[in-house]
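Read through the structure below, which is laid out as structure tokens, and then see the notes.
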Amino acid sequence: NLIKDRINPPATLEDGSPNEETPVRPRAVICSAMGKTTNSLLSSGEMALEGRVDVEALRTLHTTAMKEFDLPQRTQDEVMCLLDECEDMLNGVRLIQELSPKSLDQLVSYGERCSVRIMAARLNQIGVPAQAFDAWDVGVFTDENYGDAKLLPTTIDTIRDKFMSRIDPNVVAVVTGFIGHNRKNKITTLGRGGSDLTATAIGAALKVDEIQVWKDVDGILTADPRLVENAVPVSHVSYDEASELAYFGAQVLHPIAMQPALKADIPVRVKNSYNPSAPG
């Protein structure tokens with residue numbers, strides 16, 4: 001409902017005060033994997049090398065989410081098909097006793113690919129027209145560096161062309177973060193800050209007014225709230241300041257992930273998914 005509330009903000013906040021938030025309609029929503037799915041997939045890969053294959057926890061996580069929202073059978077079938085494919089891949093790892101960086105990138109991609117299908121189905125269910133896309137279907141292409149791939153110089157233009165030619169502007173594109181395709185059409189991952197990089201690349205390509213990155217804090221804070229009780233949000237920081245904070249350990253934004261937004265001169269707002277009324 002966070003996205004629905006951005007499109008049609010509630011008249012009042014939880015404390016009863018007027019909500020002054022301006023309605024927006026996102027052109028795209030970039031999704032990471034659900035919960036600890038990426039870690040679970042990495043663990044599953046290690047288990048497969050030891051001769052054991054078990055994806056039941058992943059099935060339970062995604063099935064529970066889909067049943068909670070009573071999502072259409074088509075969505076459930078698509079997600080289960082992806083998890084079946086994931087299980088087949090892990091059985092291959094078990095048999096050949098090898099998990100290369102290339103295979104590892106494909107393995108962890110299943111989290112994002114399941115996530116966007118669930119998100120798009122839920123958005124349609126609550127009245128927000130949406131369609132799920134794997135990142136390569138909207139033009140996210142990278143080099144061959146598995147595990148820490150870099151976007152190709154042509155990616156921004158490719159994304160813009162894909163959105164103009166095949167994506168209805170009245171439909172929210174729900175896109176996998178963190179992953180892409182290389183020139184050989186093999187799955188790659190973008191490394192630390194990968195989903196944020198996907199978001200800023202798409203935002204830059206579409207020349208949006210603002211890119212919102214949803215985290216678990218009320219924006220960029222004066223200190224790590226886990227260490228300093230009275231840390232407070234900073235209303236504005238420059239890209240240079242954000243990069244310096246990251247250098248000294250701040251984990252909200254990764255400098256590389258912000259580069260497309262910096263080059264396109266588009267502001268990035270950090271919002272809190274647990275406290276959406278905070279300005280960020």
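The values are calculated or read from the model by the stated rules, or taken from the named source; none is laboratory data. As the structure is a prediction and not an experimental result, all values here were calculated from the model. FYI the Cβ positions are ideal-geometry reconstructions off the backbone, even for glycines, and counts take in every protein chain you see. Each accessible area value is taken on the protein alone, full model and side chains, heavy atoms only, with ligands, DNA and RNA left out. Shrake-Rupley method; radii C 1.70, N 1.55, O 1.52, S 1.80 Å.
Does at least one position in the stretch 211-221 carry a residue that is aliphatic (A, V, I, L, M) and at pLDDT 75 or above? Before the answer, list the steps.
Filtering the stretch 211-221 for residues aliphatic (A, V, I, L, M) gives 211, 213, 217, 220-221.
Keeping just the survivors that are at pLDDT 75 or above gives 211, 213.
Yes.
Quick one: which residue in Gln125, Gln131, Gln73, Gln106 is under 20 Å from Thr38 (Cβ atoms) and of a type in the set (S, T, N, Q)?
Of Gln125, Gln131, Gln73, Gln106, the one residue that is under 20 Å from Thr38 (Cβ atoms) and of a type in the set (S, T, N, Q) is Gln106.
May I ask you to verify whether Leu245 is out of contact with any His (no Cβ under 9 Å at 6 or more places or on another chain), farther than 25 Å from Asp148 by Cβ and either open to solvent by 60 Å² or more (accessible area, probe 1.4 Å) or modelled with pLDDT under 70 (or both)?
No: the conditions fail for Leu245.
Let me spell it out: the conditions are (1) modelled with pLDDT of 95 or more; (2) under 23 Å from Thr176 (Cβ atoms), and Leu49 meets all of them except one. Which number is the exception?
Every listed condition holds for Leu49 apart from (2).
So how many residues does the stretch 55-104 have that are open to solvent by 40 Å² or more (accessible area, probe 1.4 Å) and closer than 26 Å to Lys186 by Cβ?
18
Given (1) at pLDDT 95 or above; (2) more than 25 Å from Gly147 (Cα to Cα), where does Asn1 come up short, assuming only one miss?
So Asn1 meets the others, but not (1).
For every residue, the table says whether it meets (1) without any contact (Cβ under 8 Å) to a residue 40 or more places away in the chain; (2) closer than 12 Å to Ile118 by Cα; (3) of a type in the set (Lys, Arg); (4) out of contact with any helix residue (DSSP H, G or I) (no Cβ under 8 Å at 6 or more places or on another chain).
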position: Asp54; (1), (2), (3), (4): yes, no, no, no
position: Thr60; (1), (2), (3), (4): yes, no, no, yes
position: Glu68; (1), (2), (3), (4): yes, yes, no, yes
position: Leu83; (1), (2), (3), (4): yes, no, no, no
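Scanning for something within 21 Å of the chain's Cα centre (by Cα) and under 18 Å from Val174 (Cβ atoms), does the stretch 145-159 turn up at least one residue?
yes
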